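**Student:** Structure incoming, see below.
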Amino acid sequence: MDKIFVEGMRFYGYHGAYRAENELGQRFNADVVLEMDTRNAASTDELEDTVNYALVYSLAQEIIEGDAVQLVETLANRLADRLLEVFPPVQGVTVKVTKPDPPIHGHYNAVAVEVSRERRRNEH
């Protein structure tokens with residue numbers, strides 16, 4: 001299966017299990033991999049036959065900058081489900097949501113959740 005990557009999207013949201021996260025907010029990054037057969041898009045050279053990258057960004061922004069949730073897992077799952085809903089040609093999606101500055105002690109680069117979802121056979 002072919003893959004389309006939308007990487008390094010950056011957002012600011014108010015998600016987290018702690019009050020300070022909900023009040024002050026923090027940075028979130030998102031990476032998306034969409035699996036689909038791109039041959040039709042390549043042959044027609046038409047945007048409507050593939051994934052619109054700007055719309056992928058807008059959907060990620062809507063979810064990550066939207067209503068506050070406690071868990072990064074919730075954000076990743078919501079985005080994966082929404083991408084499959086909006087783009088019928090996509091057969092599978094991997095979403096990684098990274099929280100670069102979580103309120104935990106220690107030395108680390110970031111924490112992240114990555115989810116992969118496939119379209120069910122009877123979905124289209």
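We did not get these values from a lab; they are worked out from the coordinates using the rules stated. Note that the structure is a prediction, hence the values are computed from the model and not measured. As a convention, Cβ positions derive from the backbone with ideal geometry for all residues, glycine included, and neighbour counts pool all protein chains shown.
**Student:** Given a Förster radius of 30 Å and the C-beta distance between Arg19 and Asp49 as r, what FRET efficiency does 1/(1 + (r/R0)^6) yield to the nearest 0.05?
**Tutor:** Rounded to the nearest 0.05, the efficiency is 0.05.
**Student:** Could you tell me which of Thr74, Leu84, Met36 has its Cα farthest along the dipole of the range 30-110 towards the positive end, charges placed at Cβ (Lys, Arg +1; Asp, Glu -1), taken about the Cα centre?
**Tutor:** Thr74
**Student:** What is the magnitude of the charge dipole of the chain about its Cα centre, with +1 placed on the Cβ of each Lys and Arg, -1 on the Cβ of each Asp and Glu, and no other charges, expressed in debye to the nearest 20?
**Tutor:** Dipole magnitude for the chain comes out near 380 debye.
**Student:** Using the alpha-carbon atoms, what tilt in degrees (0 to 90, nearest 10) does helix 53-64 show relative to the longest principal axis of the chain?
**Tutor:** 30 degrees
**Student:** Tell me, what is the percent relative contact order of the chain, built from C-alpha pairs under 8 Å that lie six or more residues apart?
**Tutor:** Dividing the mean separation by the residue count of the chain yields 27 percent.
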